[in-house]
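Below: the structure, in structure tokens.
Coordinate-derived values only; no laboratory data. Just so we're clear, the structure is a prediction, and the values are computed from it rather than from any experiment. Glycine also receives a Cβ, built like all others from the backbone with ideal geometry; neighbour counts cover every protein chain displayed.
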Amino acid sequence: MEEDAKNADIYMLSSDFEGLSIATLEAMSIGMLCVVRPTGEVKNYLTNNSTGIIASNEDEACDKIMTILNDNSLYNSIRCNAYNFVWDNFSINEYLNAISEAKLELEALYDNT
């Protein structure tokens with residue numbers, strides 16, 4: 001995705017139905033501004049005006065995009081926050097830590113029986 005995204009400023013997810021959008025996480029991980037609909041799991045990891053933009057319809061998306069593109073500070077802040085959020089929460093280390101914690105919890109359950 002990174003090669004395709006080099007010339008893009010914005011990633012848009014306009015799906016009405018979405019689970020965990022790997023493409024959105026990938027876009028966030030390379031610092032793209034993500035504009036998404038509040039659907040599925042997206043709203044659980046993308047915070048409006050902090051790690052991306054949430055818009056319910058096309059008109060709202062256009063208005064928010066224009067506002068962000070005219071405010072370099074906000075644009076860069078959202079991109080940086082998104083990048084940091086993904087690397088802090090979805091990195092391989094976080095994944096391995098979650099698996100280790102689950103393993104310890106399962107071991108504790110079996111030790112108590």
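Taking amide hydrogens as placed 1.01 Å from N in the peptide plane, the amide H of Gly52 sits under 5 Å from those of Thr47, each at least 5 positions away in sequence or on another chain. Backbone amide hydrogens, once placed in the peptide plane, bring Ile10 within less than 5 Å of nothing, excluding anything fewer than 5 places away on its chain. Ordering Ile92, Ile10, Ile99, Ile54 by the number of other Cβ atoms within 10 Å of each residue's own Cβ, fewest first, gives Ile92, Ile99, Ile10, Ile54. Values (i) 123; (ii) 113; (iii) 132 are given for comparison; volume of the Cα convex hull per residue in Å³, derived from the coordinates here, is the one labelled (ii).
Residue order for Met12, Met28, fewest other beta carbons within 10 angstrom first, comes to Met12, Met28.
Taking 0.36 nm per residue of sequence separation and removing the Cα-Cα distance, the Asn89/Ala8 pair yields an extension gain of 26.8 nm. In the chain, the DSSP-assigned H stretches of four residues or longer account for a calculated mean residue ellipticity at 222 nm of -17500 deg cm²/dmol, using -39500 (n - 2.57) per stretch and the full residue count as denominator.
With a Förster radius of 41 Å, plug the Cβ-Cβ distance of Leu69 and Leu106 into 1/(1 + (r/R0)^6) and report the FRET value to the nearest 0.05. Efficiency at R0 = 41 Å is approximately 0.25.
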